Structures are given as C-alpha cells and as structure tokens.
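The values are calculated or read from the model by the stated rules, or taken from the named source; none is laboratory data. Nothing here was measured: the structure is a model prediction, and the numbers come from that model. Heads up, the Cβs are rebuilt from the backbone with ideal geometry, glycines too, and the neighbour counts pull from every protein chain shown. These area figures cover heavy atoms from the full protein model, side chains too; ligands, DNA and RNA do not enter into them. Shrake-Rupley method; radii C 1.70, N 1.55, O 1.52, S 1.80 Å.
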Amino acid sequence: MEVPGSGYVVPALLVALFGALAARYARRLVTVVRVLRRGARAEGSCVRVETEPYGRSDARRHVFAFRTADGDRVEFEDLAAWSTTEGTAVTVTYDPRDPAGTATVAGRGSWSPVLQALALTLGCGLGALGFAVLLYAEISGGNP
C-alpha cells in the first residue's frame, strides 16, 4: 500500500537539512567577515586538537584560547588549517560585546576559516537547491 505524498518526505527533509546548514554557515561567514573588518585583536593559541572517535583522520576540531582586553580567558572552536597543532600561536579577532560567540582565527596568514565557511555555505546551498529541484519534479510529475 502506497501512502499518498510519501515520495515528498525524504526530499523535503533533505531540503530542510541542507537549507538549515547553509543558513548556519552563512551566518558564521557574515559574522567572521564583520569581525575581521571591525573587531578587536588579541594574541592566542591553539590549546587542543580533538579528533573524532574511531581514528577518523579527516575529522578534527581545533580549540583556541585568548585573553580579552579585560583579561577574561575565552576558549572557542574554529575552522583551521590542517597544519594547525596544539601550541600554534594565532591572532584572534573578536567582537568585544560577544568574544566567545564571534572569535575567529581568520585573517592575515589564515584565511582557512573564511574559505571553509564559504565552501560549506555554497556546498550546502547547492545541495538544498538540488533537492528542491528534485522535490519540485516529484510534485509536478516531471512536467515543468
């Protein structure tokens, strides 16, 4: 027995998933670019590099730390180049109103967070668009 409309569920969920991911990375990209233009700067370092379970070498999380102008210690996770290791010195740029939520290591010598956020935004956006086209084709019965 076929449930009417069941062919729409998976493509609709994939559109929603990829759309939400694209929006998340686009917000991060906008925040990083805004902070790079007007943010405060501080010296920091990579304090940990965490790998995902089961030794997947392609999945790493870089955690950085720095002190704000007020002396508060802030830790944050950011995208980073593969060559970034524990102890690597970095320049952190952040918005003093929300240091933990806006901190980035992007900037002169390290465009990796900007380029990775841009690639993720574009990739997820194209994925959402592709699944939206498939959903439209399913709904319209293949007729434009």
Degrees between helix 6-38 axis and first principal axis of the chain (Cα, 0 to 90, nearest 10): 20 degrees
Calculated [θ] (222 nm, deg cm²/dmol) that DSSP helices of n ≥ 4 give over the chain, each run adding -39,500 (n - 2.57): -16000 deg cm²/dmol
Solvent exposure of the chain as accessible area per residue, Å², 1.4 Å probe: 64 Å²
Angle between the chain longest axis and helix 112-140 axis [Cα atoms, degrees, rounded to 10]: 10 degrees
For the stretch 82-122: rounded, prolate or oblate by the Cα gyration tensor [a/c cutoff 1.5]: oblate
Paramagnetic reach from residue 52 in the stretch 72-95 [backbone N under 19 Å; point 7 Å along Cα→Cβ]: 77-84
Cβ-placed point charges (K, R +1; D, E -1), dipole of the chain about Cα centre in debye, nearest 20: 520 debye
Chain lengthening between residue 85 and residue 63 when straightened (0.36 nm per residue, less Cα-Cα): 6.9 nm
Over the chain, relative contact order from alpha-carbon pairs under 8 Å, at least 6 apart, %: 32 percent
